């Protein structure tokens, strides 16, 4: 994850924040369409979970320049997710759903360079969660 990756992700996320509720719900709808077996891991009403996801993304993306603080928090999150039954293969499903929704919501701003930046940032965060 380069400084440019961080900058691209942080800048693009500013366009997501105003529509965070919509993005969060679309993320879970996309995840469940792609992986129906994941549905049972979540409550019936996904609204609160969606808000938590977007709060977490907001925190993580705003903290990319402060990895000393972010990494321990992401590791704790990873430990909790093991307890929820999350397996390594789930991280790829989450990545696909997230990238799909970002592409849809960012429209023409979604370039190959921006996609690569999001992949790099997500990979670092997901790998850190899995190390826990």
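Only the coordinates and a few stated rules stand behind these numbers; no lab work does. These numbers were taken from a predicted model, which means no experiment stands behind them. All Cβ positions, glycine included, derive from the backbone under ideal geometry; neighbour counts span all protein chains shown.
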Query - Potential extension, residue 87-residue 22 segment - 0.36 nm per residue separation minus Cα distance - result: 20.8 nm
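For the pair residue 108 and residue 47, what calculated FRET efficiency results from E = 1/(1 + (r/R0)^6), where r is the Cβ-Cβ distance and R0 = 30 Å, to the nearest 0.05?
Efficiency, rounded to the nearest 0.05: 0.55.
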Report task. Would you calculate, for the chain, the mean residue ellipticity at 222 nm contributed by helices, counting each DSSP H stretch of 4 or more residues as -39,500 (n - 2.57) and dividing by all residues, to the nearest 500? Result -> -25500 deg cm²/dmol
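Provide the FRET efficiency to the nearest 0.05 for the residue 4-residue 37 pair, computing r from the beta carbons and using R0 = 41 Å.
About 0.65, to the nearest 0.05.
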Query - Calculated P(r) of region 1-73 - Cα pairs past 18 Å, % - result: 49
Report summary line: What the Cα atoms of the chain span along the principal axes, largest first and in whole Å, is 37, 32, 23
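Gain in length, residue 11 to residue 119, computed as 0.36 nm per residue apart minus the alpha-carbon separation, to one decimal in nm?
Stretched out fully, the residue 11 to residue 119 stretch lengthens by 37.4 nm.
So what is the relative contact order for region 3-131, in percent, with contacts set as C-alpha pairs under 8 Å and at least six apart?
43
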Report task. Mind giving me the FRET efficiency for residue 100 and residue 132? R0 is 30 Å, r the Cβ-Cβ distance, nearest 0.05 is fine. Result -> 0.70
**Report entry** Debye log10 I(q)/I(0) for region 68-131, one point scatterer per Cα, at q = 0.14, 0.17, 0.22, 0.24 Å⁻¹
**Finding:** -0.46, -0.65, -0.92, -1.00
